[in-house]
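Here the structure is laid out as structure tokens; the discussion comes afterwards.
The values are calculated or read from the model by the stated rules, or taken from the named source; none is laboratory data. Predicted, not measured: the structure shown is a model, and the values here were computed from it. Cβ sites come from the backbone with ideal geometry, for glycine too, and all protein chains shown count toward neighbours. Note: accessible area is taken over every heavy atom of the protein model, side chains too, but ligands, DNA and RNA are not part of it. Shrake-Rupley method; radii C 1.70, N 1.55, O 1.52, S 1.80 Å.
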Number of protein chains: 2
Amino acid sequence: MQKFTMKDLASRLGLSIATISRALNNSHETNSETRERVIAMAVEMGYTPDVYASNLRSRKSKTIGVIIPEITNSFFSQVIDGIETVARKQGYHVLIHLTHEDHEREVNLVRLLTDGRVDGVLMSVSGSAKKNDHINALKSRNIPVVLFDRIADDVKTLKIITNDYHCGFMAGKLLAKSGCKRISSLSFLTDSSVDYKRRAGVEDAAREYGLSYTTIGCLSDPETNLESIKCHLQSNFKPDGMFSPVEKLALVVYEACKTLDIKIPLDLKLVSFANMTAASLLQPPLTSIIQPAFEIGKQSCEALFKAIKNNFLHGDEEIILPSILVERESSMTCNAFSHK
Amino acid sequence: MQKFTMKDLASRLGLSIATISRALNNSHETNSETRERVIAMAVEMGYTPDVYASNLRSRKSKTIGVIIPEITNSFFSQVIDGIETVARKQGYHVLIHLTHEDHEREVNLVRLLTDGRVDGVLMSVSGSAKKNDHINALKSRNIPVVLFDRIADDVKTLKIITNDYHCGFMAGKLLAKSGCKRISSLSFLTDSSVDYKRRAGVEDAAREYGLSYTTIGCLSDPETNLESIKCHLQSNFKPDGMFSPVEKLALVVYEACKTLDIKIPLDLKLVSFANMTAASLLQPPLTSIIQPAFEIGKQSCEALFKAIKNNFLHGDEEIILPSILVERESSMTCNAFSHK
């Protein structure tokens, strides 16, 4: 089907393009009779305004970009739900890009967004990011940026996070109170801000409560992680408590324990950050630190729109939305539940 | 920071805008000395081409739209993963819109995408869609559309689905073979194509194997569903087998059984469509029909790019990517596993 332009409309009606444009934009400079003629012809010809021509005039793309490490993750999908709720109310479109924890991919994605395609960017940096000049480049082009969850120290902007260190400490304390003596933290080798702070909290709790402590390096491949965790569970360290900073690693721990016939929580107690609905239905139910994911998405997006509408860039600022710790069977002492 | 235009470059260098444009577009009509002067000045001034001006020329937005009912759902997040993998390779951006099962919202979203913002649309229609003129409107504006998972009969285009009816039948047959006599299918009151076909399969299997059969109407609110399911489990029908067409309803069944102290699979056997990793770790592990979600996203996106690149619209055609049934404890007969 042919795509008609204002020029086609103009020549069909014997009017100037300027008159057509004024009529379609409901300008008071056109008399109502002309306006009706133009609109009737536009409908008849199936004319639709061209968004790019219109964006060129307004210099607004009505689009925001969202850059996240992955999407098959309850936390990030709930964040997007929150972002989308706000964006829709503002009549905005949401572009989603995934970095898959690859810093180079992230740099390229961010560069793609400096071309005027988006009015602002919401971002959770990839685990492997060390230097973030690419994010600062957005700001220097007057594109507002809000970071959430995984933030970067060298980017001065608004950051919306949870109380990662505190939650890590609570997890360590809970494991100590449940009688653990040797605890391990799972950790991604590609360091992210949240991973680091959560582990620091667990480590400080271990020190305070006199527990032995170590970490297990994990990668993005679940098969390799399963092997590393199985190996660690059979090592001389023999952990009796474990902390996972993300839900997907907790599921690998369940898998490893199942294979090795290690009973949770009898032989190993487990606490994890987890936003999945299924956490309470696992065997045994998982003690979870639940982040306010929808709210993080919502507030990040609202703050971004403030910057877009009022044409300013955020200074360095942090908003902390606390998570909650829900105690379930996976971290309980053996007399606190009926085992067998 | 100031945004420079070609006009600024032109006046700084004392050249015409046409010359600047030719130089930046590497045209052979410009001599190399001029080209180098222009590029050097462009770099010095921090000039970046405007994507909207450039789109206006090429009439390609380099963006595809994805419209799905929800994102906090393992199936849809895995589909997006597949879509994004293909789009990235093509240098395309992905706009994501959620309908939350609301037909009116879907109609408005689709209208937003007819303005030239996207070069093509991938879509899973909302459960409540009866008439789909809005989707056909995309096609009549020469915007290719591929439907996946939840399709619509009145839209003639490529549809990528799984073998929904067959999987429903397999589920019903499995429940019969496990000794069930009275089975119930969960169902959304707002009918979707997949929901309908899956239930039809279960119902036909029930008829073939001589089982009593009924359906339980569900809505989008989990609290209401929990009450309906609890109510049904205590009704005179007293089901001993249950089928869920989506994973989130299966989790509500677990919840209901926990509250009512109904043992799965001893008192109730359960089979569900489910793509979540946690399915095998639930108490008991869930017998799951797993859709090739990543592959559905990948193939839908590849087919869409074929249409975009070669400037054609798909005719009415279906591609069926089969799901697999993974039998686990939730549907087993009591002597097939060691209970207690």
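Any chance you could count how many residues in the stretch A:76-93 are within 10 Å of chain B (Cβ to nearest Cβ) and under 27 Å from residue A:195 (Cα atoms)?
Residues flagged as within 10 Å of chain B (Cβ to nearest Cβ) and under 27 Å from residue A:195 (Cα atoms) within the stretch A:76-93 amount to 8.
Pick from B:290, B:320: which is surrounded by 15 or more Cβ atoms within 10 Å (Cβ to Cβ) and either more than 14 Å from chain A (Cβ to nearest Cβ) or in contact with a strand residue (DSSP E or B) (Cβ under 9 Å, 6 or more places away or on another chain) (or both)?
Selected residue: B:290, the only one of B:290, B:320 that is surrounded by 15 or more Cβ atoms within 10 Å (Cβ to Cβ) and either more than 14 Å from chain A (Cβ to nearest Cβ) or in contact with a strand residue (DSSP E or B) (Cβ under 9 Å, 6 or more places away or on another chain) (or both).
What helices (runs of 4 or more DSSP H) lie completely within the stretch B:1-92 and have 1 or more residues being touching a Cys at 6+ places or on another chain (Cβ under 6 Å) and at pLDDT 80 or above?
Output list reads B:74-89.
Looking at the structure I just gave you, is residue A:304 outside any loop (DSSP other than H, G, I, E, B) and open to solvent by 10 Å² or more (accessible area, probe 1.4 Å)?
Taking the combined requirement at face value, the residue does not satisfy it.
Give just the number: which of (1) within 22 Å of residue A:200 (Cα to Cα); (2) open to solvent by 10 Å² or more (accessible area, probe 1.4 Å); (3) touching a Phe, Trp or Tyr at 6+ places or on another chain (Cβ under 7 Å) does residue A:165 not satisfy?
The single condition residue A:165 does not satisfy is (3).
Pairs needed: first member in the stretch B:287-298, over 15 Å from residue B:82 (Cα atoms); second member anywhere, part of a loop (DSSP other than H, G, I, E, B) and of a type in the set (D, E, K, R); C-beta distance under 6 Å; at least 6 residues apart or different chains.
B:287/B:327; B:287/B:328
With respect to residue A:241, determine if the residue is within 16 Å of the chain's Cα centre (by Cα) and of a type in the set (Gly, Ala, Ser).
no
Whether any residue in the stretch B:259-269 is within 14 Å of chain A (Cβ to nearest Cβ) and without any contact (Cβ under 8 Å) to a residue 12 or more places away in the chain is what I want to check.
There is at least one residue in the stretch B:259-269 that is within 14 Å of chain A (Cβ to nearest Cβ) and without any contact (Cβ under 8 Å) to a residue 12 or more places away in the chain.
Mind listing just one residue for me: the one in the stretch B:94-114 that is open to solvent by 20 Å² or more (accessible area, probe 1.4 Å) and either small (Gly, Ala, Ser) or in a loop (DSSP other than H, G, I, E, B) (or both) and, of those, nearest to the other protein chains (Cβ to nearest Cβ)?
The extreme case among them is B:100.
Just checking, how many residues over the stretch A:115-125 are more than 19 Å from the chain's Cα centre (by Cα), crowded, with 21+ Cβ neighbours inside 10 Å and closer than 19 Å to residue A:105 by Cα?
1
Report, by residue number, each residue of the stretch A:165-199 that is β-branched (Val, Ile, Thr) and assigned to a strand (DSSP E or B).
Within the stretch A:165-199, A:183 is the sole residue that qualifies.
Which condition breaks for residue B:229 when tested against (1) open to solvent by less than 10 Å² (accessible area, probe 1.4 Å); (2) in contact (Cβ under 8 Å) with a residue 60 or more places away in the chain; (3) over 26 Å from residue A:263 (Cα atoms); (4) among the hydrophobic types (A, V, I, L, M, F, W, C)?
Unmet for residue B:229, out of (1) open to solvent by less than 10 Å² (accessible area, probe 1.4 Å); (2) in contact (Cβ under 8 Å) with a residue 60 or more places away in the chain; (3) over 26 Å from residue A:263 (Cα atoms); (4) among the hydrophobic types (A, V, I, L, M, F, W, C): (2).
Before we move on, is residue B:117 farther than 17 Å from residue B:316 by Cβ, assigned to a loop (DSSP other than H, G, I, E, B) and in contact with a strand residue (DSSP E or B) (Cβ under 9 Å, 6 or more places away or on another chain)?
yes
Among the residues of the stretch B:199-210, is any within 18 Å of the chain's Cα centre (by Cα) and surrounded by 19 or more Cβ atoms within 10 Å (Cβ to Cβ)?
The answer is no, given that none of the residues of the stretch B:199-210 is within 18 Å of the chain's Cα centre (by Cα) and surrounded by 19 or more Cβ atoms within 10 Å (Cβ to Cβ).
Quick one: in the stretch A:126-148, of everything that is in contact (Cβ under 8 Å) with a residue 24 or more places away in the chain, part of a loop (DSSP other than H, G, I, E, B) and open to solvent by 10 Å² or more (accessible area, probe 1.4 Å), which residue is nearest to residue A:83 (Cα to Cα)?
Residue satisfying both the conditions and the ranking: A:143.
Do we have residue A:249 as within 30 Å of residue A:132 (Cβ to Cβ) and within 14 Å of chain B (Cβ to nearest Cβ) here?
Yes; evaluated as a whole, the condition is true for this residue.
Residues of the stretch A:150-159 being open to solvent by less than 10 Å² (accessible area, probe 1.4 Å) and either aromatic (Phe, Trp, Tyr) or assigned to a loop (DSSP other than H, G, I, E, B) (or both), which ones?
Hits for the stretch A:150-159 are A:152, A:155, A:157.
All but one of (1) touching a Ser or Thr at 6+ places or on another chain (Cβ under 6 Å); (2) open to solvent by 10 Å² or more (accessible area, probe 1.4 Å); (3) farther than 30 Å from residue B:312 by Cα hold for residue B:186; which doesn't?
Every condition holds for residue B:186 apart from (2).
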